[in-house]
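The values are calculated or read from the model by the stated rules, or taken from the named source; none is laboratory data. Because the structure is a prediction, the values reported are computed rather than measured. Cβ coordinates were reconstructed from backbone atoms using ideal geometry, including for glycine residues, and neighbour counts include every protein chain displayed. Note: accessible area is taken over every heavy atom of the protein model, side chains too, but ligands, DNA and RNA are not part of it. Shrake-Rupley method; radii C 1.70, N 1.55, O 1.52, S 1.80 Å.
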Amino acid sequence: MIPLPLADIAQLVGGRLEMPAGTDAEPGSVEIGGSVQTDSRLVTDGSIFFALPGEVTDGHLFAQAAVDNGAALVIAERSLGLSVPTLIVDEGTVALADLARGVVARVREVGTLSVVAVTGSNGKTTTKNLLRAILERQAPTVAPEGSFNNHVGAPISMLRIDYSTRYLIVEMGAGKSGDIARLVSIARPDIGIVLKVGLAHVGEFGSIEEVQRAKSEMVTDLGPDAVAVLNADDDRVAEMANMTKASVFWFGLSAGADVRAEDIEATATGTAFTLVVGDDPRLPVRMRILGEHHVSNALAALSAARLLDVDLRQAIAAIEDVRRAERWRMEVLLPPSGAVIINDAYNASPDSMAAALKTLAQVRGPGNRTVAVLGEMAELGEYANEEHDRIGRLVVRLNVEKLIVVGHAARHIHNAAGLEGSWDGESVLVDTPEEAYDLLRDTIGSGDIVLVKSSKSANLRFLGDRLGGVETPAW
């Protein structure tokens, strides 16, 4: 974080300052500019530690540990009697947002900061990673690690900027209406990207219409000088063009898109397409990332690059060097068995599950056998049975040779596949990832392509690692 006087931090977060006993320093003379953390284990010398109450534990219990690790300031919701300055606030997450808002505003005032925000039911993290790969070759860039996209993770990511930062990329997720609007109010994006409106987390929202309303918060508060980058191939996203004061820039496969793709080819080694941008020369793109569905994410990242005046040939070179979308997202593993493991089990929705299965079918070549190991798609609410059933029928239509369904919550995938009489494949339902591993370990080998896909809660990502020869402590 940029260095700020303690008095300024107190003003930004609206906190009451408690100085340790025996301290003579004036708040205006004490400057703090270390990392901002909510995990005491990540605190280093000079850090600011936010003691946030959580669902499982309470950060206040770890404030002393944060001080022991070098925290220079603790922001808490009650007095803790610490040996470092403490700011007492009404609500820690609100204070965190206010601090991020103030820091972003100060960097904007004195620098050349451009902010790009990304949301959508699927593809946020991949798009963020592709855009980071492009922009960090141009100038100092800050982007979240992993999926830091909620009311805590996103502000912490924003607070990593300093006065040299040229580009800030913010990934914005939502668990309810209002979440994205709050993040937009903090970051004030120059470019707001909406990728897709789908059924991911629909159980939390109640309907696809509520998902659309939540995602539209990305563009409704953009100013007339900003740009809304919208997916021309998604009708619900396209409707957002009428909800914003910002200029609209389109990406997609549609002929009218400002940035579009043609000649898409998905293989076991990556995904290729031809980039078409107006009357510019057509440019070949060959990504190492697996899956035709990632073309849309690449187009979104290239659209932002275009709007930021990045040379598209340089942008393409950057995304072609990206080896994987993210850990456990269409990650290709090559174990000694000779099989190809596609570990895509970090998260799952009906759209991403269907896209992964279609990729499995597309990359199958002569002599290959396809195997799908599928678990629950969580947070679907009343849509859960219907959507799991639909995936089981898709497995049959794509002629996947072997299906292993893991867990009672995913049983409708197995049941639906078994009801398709025209299928020559085999479906097995097991209770645990360990049982799935026992079924597969001695039966997969050279020529087999195995997709492992589920929501994070099903823990199949560790099964994918083990099948791929990667040992993980959680197994």
Exercise. What number of residues in the range 5-21 are open to solvent by 50 Å² or more (accessible area, probe 1.4 Å), more than 16 Å from GLU31 (Cβ to Cβ) and under 33 Å from the mean Cα position of the chain (by Cα)?
Worked result: 1
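Condition check: open to solvent by less than 40 Å² (accessible area, probe 1.4 Å), out of contact with any Pro (no Cβ under 7 Å at 6 or more places or on another chain), in contact (Cβ under 8 Å) with a residue 24 or more places away in the chain and among the acidic types (Asp, Glu). Does ASP344 satisfy that?
In short, yes.
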Seminar exercise, completed: Checked ALA95, ALA117 against criteria (open to solvent by less than 20 Å² (accessible area, probe 1.4 Å), within 23 Å of the chain's Cα centre (by Cα) and of a type outside the set (D, E, K, R)); the one match is ALA117
Seminar exercise, completed: Out of (1) under 19 Å from SER35 (Cβ atoms); (2) touching a His at 6+ places or on another chain (Cβ under 8 Å), the one GLY175 does not meet is (1)
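Would it be correct to say that HIS388 is open to solvent by less than 40 Å² (accessible area, probe 1.4 Å), touching a helix residue (DSSP H, G or I) at 6+ places or on another chain (Cβ under 8 Å), free of Cβ contacts under 8 Å to residues at least 60 places away in the same chain and closer than 28 Å to LYS176 by Cα?
On the way: open to solvent by less than 40 Å² (accessible area, probe 1.4 Å): yes; touching a helix residue (DSSP H, G or I) at 6+ places or on another chain (Cβ under 8 Å): yes; free of Cβ contacts under 8 Å to residues at least 60 places away in the same chain: yes; closer than 28 Å to LYS176 by Cα: yes.
So HIS388 fits the description; yes.
Collect the residues in the range 1-40 that are charged (D, E, K, R) and not in a helix (DSSP H, G or I), keeping them in residue-number order. Outline the logic, then answer.
Filtering the range 1-40 for residues charged (D, E, K, R) gives 8, 16, 18, 24, 26, 31, 39.
Once the filter is applied, which keeps residues that are charged (D, E, K, R) and not in a helix (DSSP H, G or I), the range 1-40 yields ARG16, GLU18, ASP24, GLU26, GLU31, ASP39.
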For this session: Could you check, for the range 244-254, whether at least one of its residues is closer than 13 Å to GLU217 by Cα, surrounded by 19 or more Cβ atoms within 10 Å (Cβ to Cβ) and polar (S, T, N, Q)?
Result: yes
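Could you tell me whether ALA200 is open to solvent by less than 30 Å² (accessible area, probe 1.4 Å), in contact with an Asp or Glu (Cβ under 9 Å, 6 or more places away or on another chain) and modelled with pLDDT of 95 or more? Talk me through it step by step, then tell me what you get.
Values: open to solvent by less than 30 Å² (accessible area, probe 1.4 Å): yes; in contact with an Asp or Glu (Cβ under 9 Å, 6 or more places away or on another chain): yes; modelled with pLDDT of 95 or more: no.
Answer is no for this residue.
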Problem set entry | Near pairs, Cβ below 7 angstrom, 6+ apart or cross-chain, from the range 310-339 (free of Cβ contacts under 8 Å to residues at least 60 places away in the same chain and outside any loop (DSSP other than H, G, I, E, B)) to any residue that is of a type in the set (A, V, I, L, M, F, W, C) and surrounded by fewer than 16 Cβ atoms within 10 Å (Cβ to Cβ) | LEU312/LEU283; ARG313/LEU283; ILE316/LEU283
Problem set entry | Qualifying positions in the range 306-326 - modelled with pLDDT under 95 and open to solvent by 60 Å² or more (accessible area, probe 1.4 Å) | ARG323, ARG324
For this session: List the number of the failed condition for VAL184; all other conditions in (1) under 15 Å from the mean Cα position of the chain (by Cα); (2) buried (at least 17 other Cβ atoms within 10 Å of the Cβ) hold.
Result: (1)
Exercise. What pairs can you find where one residue is in the range 283-305 and open to solvent by 10 Å² or more (accessible area, probe 1.4 Å), the other is basic (Lys, Arg) and part of a loop (DSSP other than H, G, I, E, B), and their Cβ atoms are less than 9 Å apart, with a gap of 6+ or different chains?
Worked result: ARG288/ARG323; ARG288/ARG324; SER296/LYS196
Seminar exercise, completed: Here, strands (runs of 3 or more DSSP E) confined to the range 89-195 with at least 2 residues that are in contact with a Lys or Arg (Cβ under 7 Å, 6 or more places away or on another chain) and among the β-branched types (Val, Ile, Thr) are 114-119
Exercise. If you scan the range 360-385, which residues turn out to be open to solvent by less than 10 Å² (accessible area, probe 1.4 Å) and at pLDDT below 95?
Worked result: LEU380
